[in-house]
1. Scan (1) 1.39; (2) 0.98; (3) 1.04 for the value of Cα Rg over 2.2 N^0.38 Å calculated from this model and give just the label.
2. With an 8 Å cut-off on Cα pairs and a minimum separation of 6 or more residues, tell me the relative contact order of the chain in percent.
3. Using Cβ contacts closer than 10 Å as the measure, can you line up Cys103, Cys26, Cys80 from fewest to most?
4. In a GNM of the chain with a 10 Å cut-off on Cα contacts, which of Pro217, Pro21, Pro86 has the highest mean-square fluctuation?
5. Taking a ≥ b ≥ c as the square roots of the Cα gyration tensor eigenvalues, with a/c under 1.5 meaning rounded and otherwise prolate when a/b beats b/c, else oblate, which class fits segment 222-278?
6. Restricting to the chain, compute how many DSSP beta bridges are antiparallel as a %, nearest 5.
7. What is the extension gain from Glu346 to Gln146, computed as 0.36 nm multiplied by their sequence separation minus the C-alpha to C-alpha distance, in nm to one decimal?
8. Within 10 Å of each residue's Cβ, count the other Cβ atoms and sort Lys47, Lys130 from fewest upward.
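Since every read-out is calculated from the coordinates, none of them should be taken as a lab result. If you're wondering where the values come from, they're calculated on a predicted model, not measured in any experiment. Cβ sites come from the backbone with ideal geometry, for glycine too, and all protein chains shown count toward neighbours.
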Amino acid sequence: MSFPQQSVGLVEPQSAHFDQPLTLECGKSIPEWTMVYETYGTLNADKSNAVLICHALSGDHHAAGYYAETDKKPGWWETCIGPGKPIDSQQFYIVSVNNIGHCKGSTGPTSINPKTGKHYGPDFPIVTVKDWVKTHKKLSEALGIQQWAAIIGGSLGGMQVMQWAIDYPNDLRHAVIIASAAKLSAQNIGFNEVARQAILSDPDFRDGWYKEQGVVPKKGLMLARMLGHITYLSDNAMRQKFGRELREGKINYGFNVEFQVESYLHYQGTQFVDRFDANAYLLMTKALDYFDPAKTYYNDLVAAFQHIQAQSFVVSFTGDWRFAPERSHEIVKALVDAKKEVSYAEIEAHQGHDAFLLPIPDYIAVFQAYMARVAVLPA
């Protein structure tokens, strides 16, 4: 097959292994670990054009391109990564990482615990955004990248960008924070807890040892994903996409799937079960819940942002009620109060939280304009 003109084309994952123990914020450690990542574009001679992509809850390192000519779907951020796109692979060397604790190759619950010879399962320790940034830093050193031209992320990825800018202020020139928040609201923590309980209460969860027992908590993981999808889309988006359409054109007066929106949610849930691990989902949602960089600074976000040296670009979407524009306003205000350089764009979009993944013209235009500034490399 021929790939779309603005695609990076065929790609393949790479991995970096670290033999030294990694001490985590929770106080536990893992004796050795591996991080999987992909790269697009070419690193220039002085390594000044590198861009790091941080993924959201269910994302991974496969952000763009295709693994095979038969692949029907590209990476999750194909909209924004590639030749001539906002994150232009002709200008930048793009590195997309898979966080530890995940289930797509980096060390996590599905990996073998060297101490036991069995899968980590529920024994894999709790990880935080701060831990992820620490591992990203180790990967940066392994790649010989002293300073990123930009670090970019949406949603949970945007949280990683903020933590990077705070913890390693001299290691990035631009921080691009999209559809994110400086901490989760009580409502968002509540959604995550319902999702976790759906998994934990599945009889096949087996206290997290389901893999060793040859089962999968399918119902729980499916319900968690269905709940997530409801929150990622706005009411307007769901109304436009599904309305009250019936699959068979008539009401059957029963409890089977009848409405198109029900069918969509069941499909998304079923697909997710086939590609994601339940223990990893629990870890990812906890990392979301725990993120709160201001807490270390007596709950003062301005004080936390005093450390930032990077120029920041913050983007929100009007139809995003999970990470509403008000949350981005808080980030921008704290940056301004800390006397940091920040640009802000609020995109009129009805698609909900998933808008940051979509080719919305105004979004692509402002993103491209800002990345043109990033592409102006230091002399």
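1. Recomputing Cα Rg over 2.2 N^0.38 Å here picks out (2).
2. Across the chain, relative contact order equals 17 percent.
3. Numbers: Cys103 20, Cys26 13, Cys80 24.
Placing the least packed residue first, the sequence is Cys26, Cys103, Cys80.
4. Maximum fluctuation in the GNM of the chain, among the listed residues, is at Pro21.
5. On the way: a/c = 2.70, a/b = 1.42, b/c = 1.90.
Since a/c reaches 1.5 but b/c is at least a/b, the shape of segment 222-278 is classed as oblate.
6. 35 percent
7. Details: separation 200, 0.36 × 200 = 72.00 nm, distance 3.17 nm.
Full-extension gain reported as 68.8 nm.
8. On the way: Lys47 15, Lys130 20.
Fewest-to-most ranking of Lys47, Lys130: Lys47, Lys130.
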